[in-house]
Amino acid sequence: MELHTIGIDLGKTVFHLVGLNLRGEAVVRKKLSRRQLLQFTANLHVDLIGMEACGGAHFLGRALRAQGHEVRLMPAQYVKPYVKTNKNDYIDAEAIAEAVARPTMRFVPIKTDDQLDMQSLHRVRERWVMRRTAIVNQIRGLLLELGITLQKGRRHVDTALPNVARYNLRRTG
């Protein structure tokens, strides 16, 4: 059996693999766990392995590269046009195998652990800033109900809040 490309549809625990020959015909269809997938590909000779760039793809991409395979990750929106019929995991894996061999396809570089750690740190910080901004805006809205207007910006709320708290204590106490 001669495999040219493999498409892998990633899941949380189960992966669906479709292997295409040089004519683009599906010759292998397998449902594998992570361990089984790495065992299956360890002794396999294939020209190209494709996966969608999603959770776990970078880890698996590095593991498959360590086995000597050429691995390419693609954004999911670029794979979608290659899905031929109703969505299921094998059809998705076949679309991935077909898309990865296209000469004009755009790929995502496989990230190292350090790059993923830095990306995670930036995403957590961005989410924290968004939540902080939402809370500041909520405080401004609540104070507006009391007739207290504040300028936009966190520093204005930071400086005004102690005075507002004292004002409310005197008013209610």
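General remarks:
- Single residue of the range 36-65 satisfying the filter (part of a helix (DSSP H, G or I), free of Cβ contacts under 8 Å to residues at least 12 places away in the same chain and farther than 18 Å from L116 by Cα) that is most open to solvent (accessible area, probe 1.4 Å): Q39
- Scanning the range 1-35 for residues that are small (G, A, S) and assigned to a strand (DSSP E or B), we see that the one that is surrounded by the most Cβ atoms within 10 Å (Cβ to Cβ) is G7.
- Set L116, L142, L121: member being open to solvent by 100 Å² or more (accessible area, probe 1.4 Å), closer than 25 Å to A76 by Cβ and part of a helix (DSSP H, G or I): L121
- Counting only residues that are in contact (Cβ under 8 Å) with a residue 24 or more places away in the chain and part of a loop (DSSP other than H, G, I, E, B), the range 66-95 holds 3 of them.
- The set of residues in the range 47-62 being farther than 18 Å from L3 by Cβ, aliphatic (A, V, I, L, M) and touching a Lys or Arg at 6+ places or on another chain (Cβ under 9 Å) is empty.
- Matching entry among I135, I148 (being free of Cβ contacts under 8 Å to residues at least 24 places away in the same chain, surrounded by 10 or more Cβ atoms within 10 Å (Cβ to Cβ) and within 36 Å of the chain's Cα centre (by Cα)): I135
- E98 fulfils the conditions (1) touching a Leu at 6+ places or on another chain (Cβ under 8 Å); (2) open to solvent by 70 Å² or more (accessible area, probe 1.4 Å); (3) in a helix (DSSP H, G or I) except for a single criterion, (2).
The values are calculated or read from the model by the stated rules, or taken from the named source; none is laboratory data. Since the model is a prediction, treat every value here as computed from it, not as a measurement. Quick reminder, even Gly has a Cβ in these numbers, built from the backbone with ideal geometry, and neighbours come from all protein chains shown. Note: areas computed on protein heavy atoms with side chains; ligands, DNA, RNA excluded. Shrake-Rupley method; radii C 1.70, N 1.55, O 1.52, S 1.80 Å.
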